[in-house]
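K.L.:
One structure follows; several queries about it will come next.
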Amino acid sequence: YMYYILGDWSKMSKSEQQRSNLFYIYIAVVVCFALLTVVNLILHSTIFFTASKNLHNQMVWKILRAPMHFYDENTVGTIVTKFTKDIKALDEFIPQLGFIMLRYGTQL
C-alpha cells in the first residue's frame, strides 16, 4: 500500500504533487507505524520482564522449600550453576518466543 501511494505521488507533476494529500498521508502512516513500534517494544519489554521475574521468584521459592535430602545430594555450587543456567535460558527464550508469536499473530 505504501508503495502504491508513493508511486502515484511520484508520477504526478510538480503542481499536482503540491495540491495532493498523498504525501501527507504517507508521512502520517509512517509516523503511526513508528509510534506503534515504540509502544509494542515498551509493552513487550514490560511483559517479558514481569514473566521472567515471576519465574525467578517461583524457582527461588521451590529451592528454598526443597526437602533436606535435596541439599544433601547437591552442593551449593551445583544448585547455583543450574539455577543460573535455567534463568539465562528463560531470559533468552521468552522474548524470542514472544516476538515469534507476535510476528505470526499479526500475519493472520
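K.L.:
Given the rule -39500 (n - 2.57) for each run of at least 4 DSSP H residues, summed and divided by the residues of the chain, what is its mean residue ellipticity at 222 nm, to the nearest 500 deg cm²/dmol?
P.N.:
Helix-only estimate at 222 nm: -30500 deg cm²/dmol.
K.L.:
Straight-line reach from Lys88: which lysines have a Cα under 26 Å away, not including same-chain ones fewer than 8 places off?
P.N.:
Here the lysines satisfying the reach criterion relative to Lys88 are Lys53, Lys62.
K.L.:
Among Asn40, Gln58, Ile87, flag the residue with its Cα farthest along the positive direction of the charge dipole of the chain, charges on Cβ as +1 for Lys/Arg and -1 for Asp/Glu.
P.N.:
After comparing all options, I get Asn40.
K.L.:
Using θ = phi - 60° and the Karplus form 6.51 cos²θ - 1.76 cosθ + 1.60, what ³J(HN,Hα) does each residue of the range 40-46 get, whole Hz, x for Gly and Pro?
P.N.:
Once θ is set to phi - 60°, the couplings for the range 40-46 become 4, 5, 5, 4, 5, 4, 5 Hz.
K.L.:
Can you give the direction-averaged projected area of the convex hull of the alpha-carbon atoms in the range 1-71, in nm²?
P.N.:
6.9
K.L.:
I'd like the carbon and sulfur percentage of the solvent accessible area for the chain, probe radius 1.4 Å, heavy atoms only, ligands and nucleic acids excluded.
P.N.:
68
K.L.:
Just the number please: accessible area per residue for the chain, 1.4 Å probe, all protein chains included, in Å².
P.N.:
With all protein chains present, the chain gives 83 Å² per residue.
K.L.:
With +1 on each Lys and Arg Cβ and -1 on each Asp and Glu Cβ, and nothing else charged, work out how big the dipole of the chain is about its Cα centre, in Debye to the nearest 20.
P.N.:
Once rounded to the nearest 20, the dipole reads 200 debye.
The values are calculated or read from the model by the stated rules, or taken from the named source; none is laboratory data. Model, not experiment: these values are computed from the prediction. Positions of Cβ are backbone-derived with ideal geometry, glycine not excepted, and every protein chain shown enters the neighbour counts. Keep in mind that these areas ignore ligands, DNA and RNA; they rest on the heavy atoms of the full protein, side chains included. Shrake-Rupley method; radii C 1.70, N 1.55, O 1.52, S 1.80 Å.
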